[in-house]
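*Asks:* Sharing a structure here in structure tokens format.
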Amino acid sequence: MLCTPYCVPAAAMASPTFPDHCFIRYDHHHHHDHKDLRRWRIRTTTAATSASASAYPLFSNQIQLTKDSSSRHKFYQEALKTARDKFTREISIQSKDKDISLAKALLYVAAEDEAFMAFNQEMDTRSLLNERRNVSSPSDTKEWDSVEQMPLGGKTISEWLSELDAIAKEVEAELVSRDIGCHLVEVLEAVNLVLFELRGFKRSPVLVDSKHSYLHSILSSGCGSAILLSIIYIEVCRRLGLTIVGSRVGGDFLIWPQTGYPEELFKVTSGHSLFAIVNGRCVEDPRSMASDLTGTSLLGLEIATNRDIIGIALANLIRLHWKRASRSNHGLMLTSPLRHVHNADEKPNKIDKSNVPLLRPQDLRLAIMASERLLILQPHNWALRRDHGMMLYYNREYGKAVQELSICMAFAPEEEAEILEPFVEKLHLMRLELSWKSLGHAGRLAVP
């Protein structure tokens with residue numbers, strides 16, 4: 001089923017010791033010139049280091065780990081920037097929407113998030129090694145020259161794109177084996193057979209695992225969010241020369257082949273309409289708005305652009321990572337602090353650092369990263385910018401939060417700006433107070 005819910009709303013080193021067989025003769029130095037003395041020091045230092053590495057195996061490992069970690073640390077930082085730059089170029093407003101690759105854009109999203117999580121894991125490993133000598137260093141020290149070479153679930157970005165090519169070739173092989181022409185119905189039936197029967201793709205009922213929201217993970221496991229399954233469907237059909245379009249319908253996202261005769265999509269053959277073949281049971285579910293669609297009403301739907309579809313996937317990522325980040329604060333809403341500050345009758349009517357709930361930092365940062373990408377697509381979306389500013393507030397990035405929320409007030413409706421204004425003012429004052437304390441000043445300011 002390809003309908004999708006849409007919701008817009010992270011060394012302690014051992015001291016080197018000299019080997020027992022190395023004797024230091026103070027009286028011997030006076031009979032050597034400076035060159036001999038320098039040679040002696042080099043031999044002594046080399047022997048001492050060798051003995052220390054032998055006596056403490058982690059000594060040499062930690063040195064190597066520091067070098068490897070530093071190199072990987074640099075790569076991850078570069079990967080974060082490169083992946084974001086490539087995503088930005090892919091969805092650039094200068095590009096024609098039809099030329100945007102949904103798969104490439106979302107694989108760059110995955111690459112940036114993977115690099116961020118790998119960076120965090122690397123930092124955790126380094127901290128652990130500094131605290132406990134008996135922890136062995138990572139055995140995989142392979143480095144990559146570019147984001148394209150960085151493995152995502154064991155494959156590179158180009159290899160995942162080739163996986164979509166392979167699925168399309170399987171569909172072609174299925175059509176050849178049937179010895180039939182390329183009639184629209186047969187092509188779609190072959191696509192469904194390969195994706196949902198032979199390869200076993202299925203929709204995840206509840207999105208709790210972030211792996212179900214990344215394209216490469218779904219191509220690997222076969223289980224994921226409905227919007228990403230729709231994207232896979234679109235990408236496979238594109239490789240077959242068939243254009244698939246889509247639109248939001250209530251809480252679902254529906255897709256269908258582009259045709260000048262939409263009424264043909266609703267003709268029932270073999271017990272199902274072509275529209276149902278593509279979108280699954282949601283079309284026949286009386287609880288879904290899709291069940292009321294006809295060839296006429298289909299023409300009235302607004303076709304989603306490629307940028308819109310990418311935006312839906314990013315919005316789902318924000319929702320997922322925020323839910324995971326706030327797991328210990330069940331029901332926490334991004335906008336809750338705004339209402340408390342705006343309403344003078346509610347307590348507490350102030351914000352301070354101690355009132356900000358603790359959230360899972362990695363998931364919160366991933367939600368912020370997804371929000372940053374979505375803002376590239378929708379820079380004038382005031383609600384999105386408000387939510388982004390609130391996530392920065394929860395992440396205790398008060399300066400950035402003030403900046404984003406101030407920009408939001410310029411685009412927001414008047415009634416929303418009135419709610420934001422007192423919160424931004426108090427957040428600005430709190431930021432000034434914290435910056436004053438960071439300079440070593442305590443207590444209140446006194447006027448001389």
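*Asks:* Quick one: Karplus J couplings for region 360-376, per residue in order, coefficients 6.51, -1.76, 1.60, θ = phi - 60°, nearest Hz, x for Gly and Pro?
*Replies:* Values, residue by residue: 5, x, 5, 5, 5, 5, 5, 5, 5, 4, 5, 5, 4, 5, 5, 5, 5 Hz.
*Asks:* Once the Cβ-Cβ distance between ASN120 and GLU372 is put in as r, and R0 is 22 Å, what FRET efficiency do you end up with, to the nearest 0.05?
*Replies:* Here the calculated transfer efficiency is 0.80.
*Asks:* Distance from a point 7 Å along Cα→Cβ of ASP97 to each backbone N in region 269-311: keep the residues under 14 Å and list them by number.
*Replies:* Residues 301-311 qualify, since their backbone N sits under 14 Å from the label point.
*Asks:* A 22 angstrom limit on the alpha carbon distance is what I want to check against. Which of LYS323/LYS426; LYS98/LYS211; LYS169/LYS267; LYS211/LYS323; LYS81/LYS202 exceed it?
*Replies:* Exceeds cut-off: LYS323/LYS426; LYS98/LYS211; LYS169/LYS267; LYS81/LYS202.
*Asks:* Choose one of LEU274, HIS212, THR243: the residue whose Cα lies farthest towards the positive end of the charge dipole of region 209-345 (beta-carbon charges +1 Lys, Arg; -1 Asp, Glu; about the Cα centre).
*Replies:* Sorting the options by dipole projection puts first HIS212.
*Asks:* Next up: If I stretch the segment between SER158 and ALA417 completely, what's the gain in nm (0.36 nm per residue apart, minus their alpha carbon distance), one decimal?
*Replies:* Gain in length upon complete extension: 88.7 nm.
*Asks:* Further question: Skipping prolines and chain starts, which residues have an amide H placed within reach, meaning under 5 Å, of the one on LEU242, given they are 5 or more residues away or on another chain?
*Replies:* none
*Asks:* With each pseudo-label sitting 7 Å past Cα toward Cβ, what's the LEU429-THR259 distance in nm, one decimal?
*Replies:* 6.4
We did not get these values from a lab; they are worked out from the coordinates using the rules stated. Just so we're clear, the structure is a prediction, and the values are computed from it rather than from any experiment. Backbone-built Cβ (ideal geometry, glycine too); neighbour counts: all protein chains shown.
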